[in-house]
Amino acid sequence: MRLSVPRPRSLAGQLFAMQAVLIAVVVAGYALFTYLGDRGQAEDAAGRQARSVALSIADSPSVPAAIATPDPSARLQPYAVRVMGDTDVDFVTIMDPRGIRWTHPEPKQIGRPFQGHIERARRGETFTETYTGTLGPSVRAVTPVRDEDGRVVGLVSAGIKVEEISKRAQDQLRALLGVAAGALVLGAVGTYVINARLRRHTHGMNADELSRMHDYHQAALHAVREGLLMLDWRYRVALINDGGRELLGVSGDVIGTSVADLGLPAQLTGALLASEPRVDEVHLTAERVLVVNTSPVSGGERRGTVVTLRDVTELQSLMGELDSERGFTQALRSQAHEAANRLHTVVSLIELGRAEEAVDFATAELELAQALTDQVVAAVGEPVLAALLLGKTAQANERGVELVVSQDSRLDDGLLPPSLPARDLVTILGNLIDNAVDAAQGAVPSRVTVAAYTGSGGGAGTGAGTGTAGTNAAGPRSELVLRVSDTGAGVDPAHAGLLFQRGFSTKPAGPGGRGLGLALVRQAVHRHGGTLTVTEADGGGARFEARLPLDGAAAGTATPAVPAGSPAAAPTPAAAAGGPA
């Protein structure tokens, strides 16, 4: 005999059964609870209602004002009728302190004594009672009306007939039965509609099938190369995909770990812990430049944060190169304008018949420019750095700053290993020169001195200079030294520890923001296992020095090493001339 195993009920079917049972239990329980309510509870409710209406009338400013008029009934009777219609009470009687009615549902009773107890109300007390009056037995409340001086100037009684209370109880019972039946029908229909919609959304899948779909979703999520990080309301990691682990440099099981314990840079940690959204913020890690976006998840209360991470390391590097190219272009444009002026001068001298002076003038300009080019190329044979120095010299000259290459500089072509790409050298040296030119501009003298050479260095541990970044490998090694000094105001000791942080700058923020250059320098130096220090230059100003290991590359062809703490050598006459590149 063959047995067939039934397919598990779908999630929608399970919810339908649960909802149907729940609705039936709730409706039956509510009906039973209401049915067991006795007449006394109905009378208590009527008493509370009457008391509330009486107090509201007594507290109304218009009632004492009407009582003070010669004919209180003229204003109070229409008011009492409106209140009865609005509050569903059977009578509202407003009377003088003696109990003579000013209002009554039956106008012929106006002016007659009130039937009931009023002594406690005349003494300023509010009370409720059941009493048989002109309208029959009723549950009523009596309260005093006071003027501005606190004197009792009238009394208010509001009540509901006992007959009406019984009728209400019967009506409530009938209504309850109708509501219970309607609720069951409505609940069944609503549950069916929800079940049908849920079935459409879940495609009739059961819990196991939904679980498998969740697994596929997780796999797809982690296949995304952009970083995704989800934090709970306590800023603990709730989800992180593979891209997020790679970009943040975290490993192992970090689910449930606080963001503060991930070992991220302080500013990046601060951005992730911020309660307000962050949009396209640039942050640096040890290896990357990241664009961070955060969005709080809330639904009446804070539930967490969704963080997306994009790697723009390559883009930032290209932007830096583009900025350099723009600077070169502007310098060339200015030089072209200056060359045109000089050419006009030469032509004018020839037209004046002073040919020899024209030749001397033109030759002197060419010799000055060629001397500067020869000096830079002779000192730094590496083509990328040589081109960078020539361009930066022209840029500095346009800003009134003299950029010189020290005599101890020597960096032959082909000396640098493949592990030290030219792009990183441009990032390091270019940003250091830009920072020094900014510092030296306006100083007397306005000068920036650059030294680039290879030498032997060593020592274990972290560099000890102010604002050090990176570590030194143990033992002597061949290394590239890039040193940039300026004649500016120097480094404020209060800012020494902040110089290499992203966003820190002592200059006003420009259109694109400031504070990223030195941070990128630190990142590049750290990425290659080097050190970055800042000290006071001879004669004032700041001296930045980057030392990058060459990983055993042939450094023997370089000129003798200059110790990191030694002063930069005097510039050559050609470089000191500060002529155009």
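Odds and ends about this structure:
- Pro107 vs. criteria open to solvent by less than 70 Å² (accessible area, probe 1.4 Å) and either touching a helix residue (DSSP H, G or I) at 6+ places or on another chain (Cβ under 8 Å) or under 20 Å from Pro64 (Cα atoms) (or both): no
- Index of the failed condition, Asn435 passing every other in (1) open to solvent by less than 30 Å² (accessible area, probe 1.4 Å); (2) modelled with pLDDT of 80 or more; (3) outside any strand (DSSP E or B): (1)
- Residue among Ala238, Ala141 that is modelled with pLDDT of 75 or more and in contact with a Lys or Arg (Cβ under 7 Å, 6 or more places away or on another chain): Ala141
- Out of Ala260, Ala238, sole residue that is closer than 24 Å to Arg303 by Cα, assigned to a helix (DSSP H, G or I), among the small types (Gly, Ala, Ser) and open to solvent by 30 Å² or more (accessible area, probe 1.4 Å): Ala260
- Between Ala524, Ala422, the distinction of being modelled with pLDDT under 80, of a type in the set (A, V, I, L, M), open to solvent by less than 50 Å² (accessible area, probe 1.4 Å) and within 19 Å of Ala387 (Cβ to Cβ) belongs to Ala422 only.
- When the criteria are applied in full, Asp360 fails the requirement of being over 30 Å from His344 (Cα atoms) and either among the charged types (D, E, K, R) or modelled with pLDDT of 80 or more (or both).
- Looking across segment 110-120 at every residue that is open to solvent by 80 Å² or more (accessible area, probe 1.4 Å) and in contact with a Lys or Arg (Cβ under 9 Å, 6 or more places away or on another chain), the one that is farthest from Arg51 (Cα to Cα) is identified as Arg112.
- Residues of segment 121-166 classified as touching a Ser or Thr at 6+ places or on another chain (Cβ under 6 Å), open to solvent by 20 Å² or more (accessible area, probe 1.4 Å) and assigned to a strand (DSSP E or B), total: 1
- The residue that is modelled with the lowest pLDDT, among those in segment 194-220 that are part of a helix (DSSP H, G or I) and polar (S, T, N, Q), is Thr202.
- When segment 297-309 is limited to residues that are touching a strand residue (DSSP E or B) at 6+ places or on another chain (Cβ under 8 Å) and open to solvent by 70 Å² or more (accessible area, probe 1.4 Å), the one that is modelled with the lowest pLDDT turns out to be Arg302.
- Tally of residues being part of a strand (DSSP E or B), open to solvent by 30 Å² or more (accessible area, probe 1.4 Å) and free of Cβ contacts under 8 Å to residues at least 40 places away in the same chain across segment 263-296: 7
- Screening the candidates Pro78, Pro6, Pro64 for the property of being open to solvent by 90 Å² or more (accessible area, probe 1.4 Å) and either within 55 Å of the chain's Cα centre (by Cα) or modelled with pLDDT of 85 or more (or both) yields one hit, Pro6.
The values are calculated or read from the model by the stated rules, or taken from the named source; none is laboratory data. Small disclaimer: the values here were computed from a predicted structure and weren't measured. Note that each Cβ is placed from the backbone with ideal geometry, even for glycine, and that neighbours are counted across all protein chains shown. Ligands, DNA and RNA are stripped out before the accessible areas are found, and what is left, the full protein with its side chains, is counted by its heavy atoms. Shrake-Rupley method; radii C 1.70, N 1.55, O 1.52, S 1.80 Å.
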